[in-house]
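Undergrad: Below is the structure I would like to discuss, written out as structure tokens.
The values are calculated or read from the model by the stated rules, or taken from the named source; none is laboratory data. The structure presented is a predicted model; accordingly, all values stated were derived computationally and were not measured. As a convention, Cβ positions derive from the backbone with ideal geometry for all residues, glycine included, and neighbour counts pool all protein chains shown.
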Amino acid sequence: MHLNLTLDLKVWFKMIRIKNLTKKFDKNISLDNISIDFSKGEGIALMGANGAGKTTLIRSILGYYHPTDGEVLVNGLNPVKERTKVLEEISFVPQLPPPIKLSLKELIYFVCKSSGVDKEKIYFYADKMKLDINSNLNKSFFKLSGGMKQKLLIAISLAKESKIVIYDEPTANLDPKARDDFYSLIKDKQNDKLSLFVTHRVEEVQEIVNREVYMDLGKVISDVSLS
């Protein structure tokens, strides 16, 4: 009985489970038979050169890509077949902000209505990121600077309070002070979340990650626990 309970808890803590995942684009293999789990309470730096398969792995977790072979489960859910439910459980900030034509006011309204996010929390985290939403409410998100877009997306991701957060080069468009603000906020909110950082700046995340995963040519070549 005790053994079964222990095994059940281990499975429960594995929030993302990837088994024998292969993804091909025509004849090109982007992910090559990957098996890896990401668990509750982990802060993970996902690293590797361009073309290593990091983005394909993230998009497979989010349900953007259908596996050629193998499977991905997010809290037991198939991200392709149950994508809406999976995305409800994940906060994701892409490296390149999407070309959203809505004004900030419209975008925030949409996020709050569709995801149940508290508007005041978006404003709170935007303020922490030194983004003045009120002065830009009627501006198109599309026309904001790269840094302002990134700050708003970060604020929304934090306000959503998801148990799984994925950041793809989140500080690429931020100045050094904004980077410090971002990592300070993230550090305060780690706790029982699963945080996955796709990054080329491992020195930036060293204080908030406890695991480093390196990819190359579609494979995991190194997986090191730092705790």
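Undergrad: What number goes with the only condition from (1) crowded, with 20+ Cβ neighbours inside 10 Å; (2) at pLDDT below 95 that LEU96 does not pass?
TA: Only one criterion in (1) crowded, with 20+ Cβ neighbours inside 10 Å; (2) at pLDDT below 95 is unmet by LEU96, namely (1).
Residue by residue, here is whether (1) modelled with pLDDT of 95 or more; (2) surrounded by 16 or more Cβ atoms within 10 Å (Cβ to Cβ); (3) out of contact with any strand residue (DSSP E or B) (no Cβ under 8 Å at 6 or more places or on another chain); (4) not in a loop (DSSP other than H, G, I, E, B) holds:
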position	(1), (2), (3), (4)
LYS23	yes, yes, no, yes
ASN33	yes, no, no, yes
ASN50	no, no, yes, no
THR56	yes, yes, no, yes
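Undergrad: Which condition number in (1) surrounded by fewer than 21 Cβ atoms within 10 Å (Cβ to Cβ); (2) under 16 Å from the mean Cα position of the chain (by Cα) is the one that ASP175 fails?
TA: (2)
Undergrad: Then there's this: Determine, yes or no, whether ILE90 is in contact (Cβ under 8 Å) with a residue 12 or more places away in the chain and closer than 26 Å to CYS112 by Cα.
TA: yes
Undergrad: Among the residues of the range 35-48, write down those that are in a strand (DSSP E or B), farther than 19 Å from VAL80 by Cα and not hydroxyl-bearing (Ser, Thr, Tyr).
TA: Within the range 35-48, GLY43, ILE44, ALA45, LEU46, MET47 meet the criteria.
Undergrad: Could you give me the residue pairs with C-beta distances under 8 Å whose first residue belongs to the range 44-69 and is free of Cβ contacts under 8 Å to residues at least 12 places away in the same chain, whose second residue is crowded, with 20+ Cβ neighbours inside 10 Å and of a type in the set (Ser, Thr, Tyr) wherever it lies, and which are 6+ apart or on separate chains?
TA: Once the first residue is free of Cβ contacts under 8 Å to residues at least 12 places away in the same chain and sits in the range 44-69, its partners that are crowded, with 20+ Cβ neighbours inside 10 Å and of a type in the set (Ser, Thr, Tyr) give ARG59/TYR65.
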